[in-house]
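What follows is one structure encoded as C-alpha cells, with my remarks underneath.
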Amino acid sequence: MTTGPRNLITDVPGLAVGNADEAGLKSGVTVLTAQAPFTAAVHVMGGAPGSVETDLLAPDKLVTQADALVLSGGSAFGLAAADGVRAGLRARGRGFAVGDQRVPIVPGAILFDLLNGGAKNWDENPYRALGAAALDAAGPDFALGSAGAGAGAMTGTLKGGLGSASLRAGPITVGALVAVNALGSATVATGPHFWAAPFEMDGEFGARGPCPAPPPPALPRLAAGPGQATTIAIVATDATLDQAQATRLAVAAHDGLARALVPAHSLLDGDLVFAAATGAQPLPDPLETPFQLGHAAAICLARAIARAVFHACPAPGDPKPCWQELHGG
C-alpha cells in the first residue's frame, strides 16, 4: 500500500473538504462533501456522543446517502454548523427530492472545546456561519493541525488538531479525516513518540519511530484538562459499498483510533466514526475487498490522528503545549 498524492482524504476522487475557524473563539468546523451524494454510515463507541441525523444512517432507514458530513467544535452549540451546510447545499439545488423540494442530508458530530481558553461569550451562535463558510471553502486541499474542527482541540497531554491521511489499496483509495480532542494521549507521555508510530509512512509525523522504552501498562487516572473530550472522524473510500458494508468500515476504523490514542473510547469521550463510500470503484472481491478496506481504514485513521497532533500550532492562551513546541525543529 502507498499513500495517495496528497496524503489526504481528498485523494478519494470526488471528495472535497473545507475548514472554517475563528482564532478568538479557538474553535471551528470542518465539512466533507462530494460532487454527488455518497453512501454514508456511522458507528459510535464513546460514552458521551453529540450528533445530528446519525439515526438516519442505520442500514434499515429510508435514506442511504448523504450530501455532506460535518465535524464541529462547540459541544451542543456546534450542531448548528450542519444548518449552515444544509442551507448552502439547498441553495445549490442539492438534497433528497421530496416533491418539488430538496432536503440536503447532512449528518454531523461535535466535540467539547468550550473550556480551551477561547472567547465563548457570543450573543449569536457562531457555528451556523462557520458551517456555511467551511462548505464554501471545500476543495481538494485543506490545512491540518490547528484548523477547522481541530482549531482548539486538546488531548490528555498535548494540543490536538485536525488530521488526515490516505492509502491506495490496489485500484481503491481509502482516506481518513479526524478532529482529535481526546481525554487520552496520542504520544507516550509528553515525549516525541506516537502510539501510531508502527503505521507511519514516509515520515509523515516526525519519523521518531516507536518509543524505545514504553512505560509498563497501568490503570489510567482521570486527569482531564480544560477543553478536551471526544475524537470525531470520517473514513472514506471510492469503493462501491452498501450501507451495511459502510457501517462495518466505520467499525473497523475504530481499531485505528484505539491504536493511536491511549486510552480511547472512554465514558467521557464521544468517539464516533462516519464512513463515506462514493461507489466509483467496483469491489474486486465481495468478501476479501471489504476485509482489506477495513484494515486500510484503521491504518489511515491511526496515522491521521498522529498527524493532527504533529501539525498543531501554538496560540495565545492554550492550556496545553504543542508537539512542535516540545519536539519540533
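What follows is calculated from the coordinates using simple rules that are stated; it is not laboratory data. What you see is a predicted model; the values in this text were computed from it and never measured. A quick note on method: Cβ atoms are made from the backbone with ideal geometry, for glycine too, and the neighbour counts reach across all protein chains shown.
Quick one: if you take sqrt(5λ) for each eigenvalue of the C-alpha gyration tensor of the range 102-182, what semi-axes come out, biggest first, whole angstrom?
Details: eigenvalues 129, 77, 23 Å².
They are 25, 20, 11 Å, listed largest first.
Any idea what the dipole of the chain comes to, in debye rounded to 20, about its Cα centre with Lys/Arg Cβ at +1 and Asp/Glu Cβ at -1? Kindly include the intermediate steps, with their values, before the conclusion.
Working: 19 positive and 26 negative charges, 60 e Å.
Magnitude of the dipole: close to 280 debye.
Charges only on Cβ, +1 for Lys and Arg, -1 for Asp and Glu: so what's the dipole of the range 202-329 about the Cα centre, in debye to the nearest 20?
400 debye
Over the range 121-259, what is the mean sequence separation of C-alpha contacts under 8 Å (at least six apart), divided by residue count, expressed as relative contact order in percent? The partial results should precede the final answer.
Numbers: 176 pairs, mean separation 29.9, N = 139.
Computed over the range 121-259, the figure is 21 percent.
Counting C-alpha atoms alone, how compact is the range 34-157: give Rg to one decimal and Dmax as a whole number, in angstrom.
Values for the range 34-157 (Cα only, Rg and Dmax): 15.1, 52 Å.
Top mean-square fluctuation among 172, 232, 305, Gaussian network model of the chain, C-alpha springs under 10 Å?
172
Total Lys pairs in the chain closer than 22 Å by alpha-carbon, pairs eight or more apart in sequence or interchain only?
Pairs that pass both the separation and distance tests number 6.
Note down the nm distance, to one decimal, between modelled labels 7 Å out along Cα→Cβ at residue 283 and at residue 168.
The two pseudo-label positions are separated by 2.4 nm.
Tell me whether the chain comes out rounded, prolate or oblate; compute the Cα gyration tensor, take square roots of the eigenvalues as a ≥ b ≥ c, and use a/c under 1.5 as the rounded threshold.
oblate
So for the range 188-329, averaging the separation of alpha carbon pairs under 8 Å that are six or more residues apart and normalising by length, what relative contact order in percent results? Mind dumping the intermediate values first?
Numbers: 181 pairs, mean separation 41.5, N = 142.
Worked out over the range 188-329, it gives 29 percent.
Work from the charge dipole of the chain (Cβ charges, +1 for Lys and Arg, -1 for Asp and Glu, about the Cα centre) and give the residue of 206, 249, 130 farthest towards its positive end.
Positive-end residue among those listed: 206.
For an R0 of 30 angstrom, estimate the FRET efficiency from the Cβ-Cβ distance between residue 122 and residue 313 and round to the nearest 0.05. Write down the numbers at each step before the final one.
Working: r = 24 Å, r/R0 = 0.79.
Computed FRET efficiency for residue 122 and residue 313: 0.80.
Would you mind calculating the gained length between residue 1 and residue 90 on full extension (0.36 nm times residue separation, minus the Cα-Cα distance), in nm to one decimal?
Values: separation 89, 0.36 × 89 = 32.04 nm, distance 3.82 nm.
Computed gain between residue 1 and residue 90 is 28.2 nm.
Which helices count as membrane-span-like in the chain under these terms: full DSSP H, at least 20 Å along the axis by C-alpha, Kyte-Doolittle mean of -0.5 or more? Mind showing how you got there, number by number?
Working: long enough: 243-260 (26 Å, 0.03); 288-311 (34 Å, 0.68).
Long hydrophobic helices here: 243-260, 288-311.
Work out, step by step, the length gained on full extension between residue 98 and residue 189: first 0.36 nm times the residue separation, then minus their alpha carbon distance; give nm to one decimal. Can you show the working numbers first?
Values: separation 91, 0.36 × 91 = 32.76 nm, distance 5.24 nm.
Net length gain for the segment: 27.5 nm.
Short version: what are the Cα gyration tensor semi-axes of the range 184-329, square root of 5 times each eigenvalue, largest first, in whole Å?
30, 17, 15
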